[in-house]
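Report on the structure given below.
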Amino acid sequence: MNIINEPDVSKVIVWMYGGIGVFIAALMVFFAFSGFFTPMGVTGIVSSIVLAFVEAVMLLLLRSLYRTRYILTDEELFIKTTKLIGGGKRISLKTIKSLEQTLIPFGVRIFGASFHGGYYQIPNLGRAFLAITNFHDGLLIKTQDGNYIITPKDSMNFKEAIETRIR
């Protein structure tokens, strides 16, 4: 039997991505207007097109927050995320060395999207893959292959479910 955990998405993170998206959309309209009705010309139109691409990425990241899943099977934990933050990860339950609740740490982003995930260099832990949707349900998974931090809804119950499958 598979357990599919849909994480609790933080309103702060959603508002941050949404606010940035609205700001980029406003800039896009401003530059398009400037391109057609001021001497800015082609530069404004090109700027608007570039901003449209950035807006698309922001909307994909916002959608990704709600599509993140943690799927636990009898043999593995599958972290389902967008390719924008590193794609899905499969963790064999046999490789898990430890599980512990954690606060979401401060780290240096190597690749990914701030406030959602990717690869980070974290002091006293090293490199880790984060797939987070809030700042309070952190679960640190240390494996033979690397470290992972996820934020499943009700992390204590999810941790117990993983430990039960490992035994």
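The values are calculated or read from the model by the stated rules, or taken from the named source; none is laboratory data. All figures in this text were calculated on a predicted structure; none of them were measured in a lab. A quick note on method: Cβ atoms are made from the backbone with ideal geometry, for glycine too, and the neighbour counts reach across all protein chains shown. The area values use the complete protein model at the heavy-atom level, side chains included, leaving out ligands, DNA and RNA. Shrake-Rupley method; radii C 1.70, N 1.55, O 1.52, S 1.80 Å.
Suppose we filter the stretch 15-41 for residues that are of a type in the set (Gly, Ala, Ser) and closer than 30 Å to Ser64 by Cβ; how many remain? Can you show your working first?
Taking the stretch 15-41 as the starting set, the residues that turn out to be of a type in the set (Gly, Ala, Ser) are 18-19, 21, 25-26, 32, 34-35, 41.
With closer than 30 Å to Ser64 by Cβ added as a condition, the list becomes 18-19, 21, 25-26, 32.
Residues meeting the conditions: 6.
Could you please let me know if Tyr70 is of a type outside the set (Asp, Glu) and in contact with a strand residue (DSSP E or B) (Cβ under 7 Å, 6 or more places away or on another chain)? Step through it out loud before you land on a result.
On the way: of a type outside the set (Asp, Glu): yes; in contact with a strand residue (DSSP E or B) (Cβ under 7 Å, 6 or more places away or on another chain): yes.
Yes.
Go through the stretch 4-37 residue by residue and tally those that are open to solvent by less than 50 Å² (accessible area, probe 1.4 Å) and within 26 Å of the chain's Cα centre (by Cα). Please lay out each step first, then the result.
Within the stretch 4-37, the subset open to solvent by less than 50 Å² (accessible area, probe 1.4 Å) is 5, 7, 9-10, 13-14, 17-19, 21, 24-25, 28, 31-32, 34-35.
Those still in the list that are within 26 Å of the chain's Cα centre (by Cα) too: 5, 7, 9-10, 13-14, 17-19, 21, 24-25, 28.
Here the count works out to 13.
Beta carbons closer than 9 Å, at least 6 apart along the sequence or on distinct chains, never pair a first residue in the stretch 42-56 that is free of Cβ contacts under 8 Å to residues at least 60 places away in the same chain and more than 14 Å from Ala26 (Cα to Cα) with a second that is among the charged types (D, E, K, R) and open to solvent by less than 50 Å² (accessible area, probe 1.4 Å). Considering the stretch 95-135, and only residues there that are touching a residue at least 60 places away in the same chain (Cβ under 8 Å) and out of contact with any His (no Cβ under 9 Å at 6 or more places or on another chain), the residue that is farthest from Glu160 (Cα to Cα) turns out to be Phe115.
Out of Leu59, Leu130, Leu84, which single residue is in a helix (DSSP H, G or I) and within 11 Å of the chain's Cα centre (by Cα)?
Values: Leu59 fails: within 11 Å of the chain's Cα centre (by Cα); Leu130 fails: in a helix (DSSP H, G or I).
Answer to the selection: Leu84.
Can you say whether Ser92 is open to solvent by 20 Å² or more (accessible area, probe 1.4 Å) and either hydroxyl-bearing (Ser, Thr, Tyr) or at pLDDT below 90 (or both), as far as the supplied structure shows? It is true that Ser92 is open to solvent by 20 Å² or more (accessible area, probe 1.4 Å) and either hydroxyl-bearing (Ser, Thr, Tyr) or at pLDDT below 90 (or both).
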